[in-house]
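Derivation of every value follows stated rules applied to the coordinates shown; laboratory data play no part. Since this is a predicted model, take the numbers as computed values, not measurements. Reconstructed Cβ throughout: ideal geometry from the backbone, glycine too, with neighbour counts over all protein chains shown.
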Amino acid sequence: MCASREWSRIGEVVETSTLQFVVECDELDSLPELGSFVRVEGTGVDAVYGIVAFAETGTVDPGRRVVRRGSTDLRDRALYEANPELRFVLRSLFVAVAIAYEAAGRLVYLVPPYPPPLHYSVSPVQGDEIRRLTATHTYLAMLLDFVGPIPCEQLLAAHLLYVYRERRSDRDWLEQAAQEIARLTKRDHDRSRRILLTLETALGPELQT
Amino acid sequence: MTLDLMKVVSELRRLVAVATADQSNDAPAFVSLLRHFDDREVRRRVEQARTSWLLATALGSYFERHGAPSVPPNFACVATDGSLVASDRHGPLTFAIVNIGHCVLEYGARAHAQLGSEPTVLWRDDDLWIADGARRIPVAGSALAVRRAVMELEAAWNLATKQDAPVVVLQDGTLIPWGLEGQLAPVVSWALERFGAALATFRERKIPVAGFISYPGSRDVLNVLRVAACDYPLEGRPVNCDDCTLRVQRGERQRACRIVPELTDRWLFRHCDEVRLEAGERSGCYRSRSTILQHLPEPDRIVFFYLHTGTEVARVEVPLWVAEDEQVLALVHAVVWDQCRRARGYPLALQEAHEQAVIHQDQRRQIESLLDRLFAETGVVQERSAKERSKRVRFA
C-alpha cells in the first residue's frame, strides 16, 4: 500500500533483532518522540513498524567520556557552534520495539519474521499511516510486555499521549485503549492500577482541554 | 608468576629517589646563572663549543617570552595522524597498513568539522623496498616511520589547500626525522627526498605546518645553560666537553656545569621563576643542531619553541620559514594555544585525528583472521614460524 511513498529518513539501523532495533540518528539530538511510530524496510516483508521505547545521546566511542565544554560565556547552541566536531564525536540513538510488519499490503501485528537489516533507513510515521496503525489496539499487549530501560507504564503513557494528539484528540480511541490495557492487566490489580494512574496523570490535562 | 615484583621494588624506589632529588629550582648558583645570563656571550660560546649534547641556537634572545595572539575571526586547523599495522617476520606475508586519520576544524562565520580516515596497504616492491644498485633495503623501522610521516603530511596538504581562511596544519610529535640519524645513506636519501618534498609544498603555498610534542624530553636549552656555566672560557678556552670529561675522570677538576640540574627544558620553562612561561605564552624560537636537518633546504629546517598549554609546557616544531615570518608564526602560536584551550592542554584537532586513525587490538586480530580466510580460499595453509606457534598454543 505504501511501497511507492517517499519516506523521510531520520537515521539508520545500527543494531537489530527480532524484538527491537537500535537506530543512530543522522543529526545529533534529532530524535523522534518517545512512544512515536517509526518505520524501516524489512527482510521478506515490505516494512517493519516500531515504537520508540528509549533514546539517548552520548559519545560515538564508548571508551571516551563527555567532558564539560562550556562556561558562563559559552553555552548551549553557541557551544555547539564553537565546537563543530561535537556533531561527529557524539551521536543520538533510539530503541524501537517492533510491533507490526506489513506484507503484501496487509498489516500484521506480530514481531517481524526477520530482524530489519542493519544500515537500513528509518523514517518517522505520520498522518494517515498513524491512523492505520492504531485502527486496532491489539499491539498494546506487545508494548505492555516489553521490558526496557523505561518502566512500561511510562512508555504506554507516552505512546497514548502521542497517538491521542496525532489522532486529533480522539477521545473514543483513548477510552478503548484504556479499556484494553485494563483488560490485559486484570489479573494483576496493582500493576493495572499503577498503569492507569500514570495514564491519568499524563493524559488528565489533555482530556480537560 | 613471570615477574616477581618484590625483587624490583627496591630498585624502583632508588630510581624515584634519584629522579626527584634534582628537582629543586632554587639552588643559588643556578638562580644566579639564570639571572646573569648574557645572550651575546653565550651565543659566542655556543658557536665555538664542542659538546656531546644538542644545543639550542636562539633565533632571537634565549629567554624572550611572547603572549598568545588572538586567533583571526575565521580560521581552520587541519590535523592528521597515522596508525600502522606492520606484518611480523614470523608470518607468511610482508605488508604494512597505514591508516591516516584526519580532522579539519573550521571556526568563525562558517563553523564546520570534517573527520575521517583513509587506509593504505603497502605491499608492492616499490612500497617495501629501497633499491640501492643491486642491493635492496627493506622499508622498515625509521624508514617506515618517515613514510608514514610523509603520508600524514600529504593527507594534510590535500585538506589544507581546500581552505579559504587562514589555516594551520598540526602533526603529532616531532617534525625532525631523528630516526634517520645513523641509517644507511640510501635510506636517508630515499626518506628525505619524500619528506623534504612534502615540507616544500607547504612552504610554497605559505601554509604553516607544526609538530606538537606533549611532555617533551628535550634539553637543548638546558644544555645551553651548561655552556653558560662552563669555566673553560674563563681560562681563555672554548667549551670542550670531551676534554673536561677526561680531566674529571682523572680527578683533576670538577665540572663547572654541575650546578645545572639533570632535567629537561619542560621543567626549566615550567618551574624556574626567572624564565617561567605563563599559560598561553611561548618562548623564543630555537634552531636544533640535529645533523639530519642539514639534508633539508635552509627554509625547511626545523626550529622549535616551547608553549605553556595551560596544563604543561609542550614543544612546538615549525620549519624555519614559519619562524621567520612574524605573522605566520603568530598564527601558529594563536591556533595551537586556542586548540589546547579547547581540549584541556592538548590540541583538539590532533586528539580527534588520533581517534580517527587508531587501529584497535581487535581490528588487528580481524586483519589476521581476514588473511587466514583469504589464504584458505586459495586452498593454501599459511605457515608461521615455530616460535610464533609456540606463543599462540602455549602448553606446559
### Query
How many nm separate the modelled label positions at B:D39 and A:S71, each set 7 Å beyond the Cα in the direction of the Cβ?
3.2 nm
#### Entry: FRET E, pair B:R373, A:R183, Förster distance 56 Å, beta-carbon r, rounded to 0.05
0.55
### Task
Report the calculated FRET efficiency for B:D127 and A:R171 (r = Cβ-Cβ distance, R0 = 51 Å), to the nearest 0.05.
0.10
### Query
Quick one: if you stick a label point 7 Å off each Cα along the C-beta vector at A:V147 and A:A103, how many nm between them?
2.8 nm
### Task
May I ask you to sort A:T16, B:T378, A:T138, B:T201 by Cβ crowding, counting other Cβ atoms within 10 Å and putting the fewest first?
B:T378, A:T138, B:T201, A:T16
### Query
For B:I130, which sequence-distant residues (separation of 5 or more, or a different chain) have an amide H within less than 5 Å of its own amide H, given hydrogens modelled in the peptide plane?
B:I137, B:V139
### Query
Under a point-charge model restricted to the Cβ atoms of Lys and Arg (+1) and Asp and Glu (-1), what is the dipole moment magnitude of chain A relative to its Cα centre, in debye to the nearest 20?
380 debye
## Note on the structure
Note on the stretch A:134-209: contact order normalised by length, alpha-carbon pairs under 8 Å, 6 or more apart, percent, works out to 35 percent
## Note on the structure
From fewest to most C-beta neighbours within 10 Å, the residues B:M151, A:M142, B:M6 line up as B:M6, A:M142, B:M151
### Task
Round to a whole angstrom and tell me the spacing of the C-alpha centers of the stretch B:267-319 and the stretch A:159-204.
69 Å
### Task
Could you work out how far the C-alpha centroid of the stretch A:78-122 sits from that of the stretch B:116-159, in angstrom?
41 Å
### Query
Once phi is turned into θ = phi - 60°, what whole-Hz ³J(HN,Hα) does the Karplus curve with 6.51, -1.76 and 1.60 give for every residue of the stretch B:315-323, x standing for Gly and Pro?
9, 10, 10, 9, x, 4, 4, 5, 5
## Note on the structure
Sorted by chain and then number, the residues having a modelled amide H within less than 5 Å of the amide H of A:V122, at least 5 places away or on another chain, are A:I10, A:G11, A:E12, A:V13
## Note on the structure
Exposure proxy check on A:R132, A:R168: fewest-to-most Cβ neighbours within 10 Å is A:R168, A:R132
## Note on the structure
Expressed in angstrom and rounded, the centroid-to-centroid distance over alpha carbons for the stretch A:10-27 and the stretch B:174-248 is 54 Å
### Task
Output ³J(HN,Hα) for the stretch B:89-96: one whole-Hz value per residue in order, computed from phi by the Karplus curve 6.51 cos²θ - 1.76 cosθ + 1.60 with θ = phi - 60°, and x for Gly and Pro.
6, 8, x, x, 10, 10, 7, 8
#### Entry: Amide hydrogen neighbours beyond the local backbone of A:A55, cut-off 5 Å, H modeled
A:V95
### Query
Can you pull the three principal axis extents for the Cα set of chain B, in Å, largest first?
78, 63, 49
### Electrostatic dipole magnitude of chain B [Cβ: Lys, Arg +1; Asp, Glu -1; Cα centre; debye, to 20]
1020 debye
### Message
In whole Hz and in residue order, list the ³J(HN,Hα) couplings for the stretch B:353-365 that follow from phi through the Karplus curve 6.51 cos²θ - 1.76 cosθ + 1.60, θ = phi - 60°; x for Gly and Pro.
### Response
4, 5, 4, 6, 7, 4, 10, 6, 4, 5, 5, 5, 5
### Query
At a Förster radius of 30 Å, what calculated FRET efficiency corresponds to the Cβ-Cβ distance of B:Q249 and B:E47, to the nearest 0.05?
0.65
